[in-house]
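A.B. asks: Below is one structure. I have some questions about it.
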Amino acid sequence: MLSRSSDTRAAMVSEEGFDRALWKRLCTEIGVAGLAVPEEYGGLGAGLAETVVVLGELGRELTPSPMLGSAVLSVQALLASGDEDACRRLLPGIAGGTIAALAWGTWDPSEAHMSYVDGRLTGEARYVLDGATAEVLLVVARTEDGLGLFEVDPAAAHRIPLPTMDPTRRLTSVRLPGVAGRRIGDFRGALVRDLALVALSAEQVGAARRCLELTVEYTKSRVQFGRPIGSFQALKHRMADLHVLVETAESAAELSLAALTAEDLPLAAAVAKIHCSEAFQAVAGEMIQLHGGIAITWEHDAHLYLKRAHGSAQLFGAPREHLARLGRNVTFQP
């Protein structure tokens, strides 16, 4: 395990919302932030397949960290921009643990809530991962020739923490009142979103599997009518259903990972988003039910998993949005 429940709780109520000492250790001793960064840009040159292993473990413990927002979303936006100078300048620091944030404001690949006019960036991007602590701020904005990616001085932005259901993942509103920005390159929103979905699905599976493990452990120790409640046939059936959900979610996540270099990545990423979100929510909900009254207390971790499940389901687009995307792109032959 990368953290314990007490560590997660201490981190989520801290000023920054994560344990910076733990993040530094993960980056310097293991190199997690540089896994998907090519060696020529100061990274380990591994890839997203290795990155999702880390996300799965972080998901198991609900560890608050900049891994998803900085080491995945921001890194992939830079790599996809095709701007080699920007990659050489920014990626070595991010690989070493510098926190980066991508201010997009929408998960629609063709839209942005910022605009770039006369050399100035104006607008507001909400739900920015790691926006409050970012040392590198990347902004997606509309330009005359499409969506562009810009680097902005974080000190020039108004960064406002947003209330969230999930206390283990903080989100920020980033407002730019007409500030200067350095153009990096084009923003390939569809690819960046799909890669983020692949990473998120691995995190969701890790958390869902931990929910199931904790529930099975509890039903073995909770005794009612002189028997462990896990021995009751009705509960066995319910936990078997949860096991199937977790296994199929893991298969969907692995399928999306296998499609990274294939033309069907958009479809595989959408399927992973839909099924992993729904599976995690279902398993976390059953965790609450099967634990009984203890699960709705602040001291128990069940409510944290349920909140993460619902928060993650909305991240990078709600399942219904990706279901609609599947409907537009899948043709059934009679």
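The values are calculated or read from the model by the stated rules, or taken from the named source; none is laboratory data. Please read these numbers as outputs of a predicted model, since none were measured by experiment. No Cβ is skipped: glycine too gets one built from the backbone with ideal geometry, and neighbour counts run over all protein chains shown.
A.B. asks: Can you say whether Ala125 is hydrophobic (A, V, I, L, M, F, W, C), surrounded by fewer than 23 Cβ atoms within 10 Å (Cβ to Cβ) and at pLDDT 95 or above, as far as the supplied structure shows?
C.D. replies: So Ala125 fails the test.
A.B. asks: For the stretch 56-70, which positions are out of contact with any Leu (no Cβ under 7 Å at 6 or more places or on another chain) and part of a helix (DSSP H, G or I)?
C.D. replies: Gly56, Gly59, Arg60, Ser70
A.B. asks: So which strands (runs of 3 or more DSSP E) stay within the stretch 114-204 end to end and still have 3 or more residues that are acidic (Asp, Glu) and not assigned by TED's automatic domain parsing to the domain that holds Thr51?
C.D. replies: none
A.B. asks: Having 2 or more residues that are of a type in the set (Val, Ile, Thr) and surrounded by fewer than 16 Cβ atoms within 10 Å (Cβ to Cβ) is the bar; report the helices (runs of 4 or more DSSP H) wholly within the stretch 221-334 that clear it.
C.D. replies: In the stretch 221-334, 233-258 are the helices (runs of 4 or more DSSP H) which contain 2 or more residues that are of a type in the set (Val, Ile, Thr) and surrounded by fewer than 16 Cβ atoms within 10 Å (Cβ to Cβ).
A.B. asks: Here is a further query. Return the residue satisfying two criteria in turn: it lies in the stretch 97-120 and is out of contact with any helix residue (DSSP H, G or I) (no Cβ under 7 Å at 6 or more places or on another chain) and of a type in the set (Phe, Trp, Tyr), and of such residues it is farthest from Ala132 (Cα to Cα).
C.D. replies: That would be Tyr116.
A.B. asks: Go through the stretch 77-106 residue by residue and tally those that are crowded, with 24+ Cβ neighbours inside 10 Å and not in a loop (DSSP other than H, G, I, E, B).
C.D. replies: Qualifying residue count for the region: 9.
A.B. asks: Additional query: Pick from Ser110, Ser81: which is outside the structural domain of Arg308 (by TED's automatic domain parsing), polar (S, T, N, Q) and at pLDDT below 95?
C.D. replies: On inspection, the qualifying residue turns out to be Ser110.
A.B. asks: Follow-up. Return yes or no: is Gly56 in contact with a His (Cβ under 8 Å, 6 or more places away or on another chain) and in contact (Cβ under 8 Å) with a residue 24 or more places away in the chain?
C.D. replies: Against the criterion (in contact with a His (Cβ under 8 Å, 6 or more places away or on another chain) and in contact (Cβ under 8 Å) with a residue 24 or more places away in the chain), Gly56 does not qualify.
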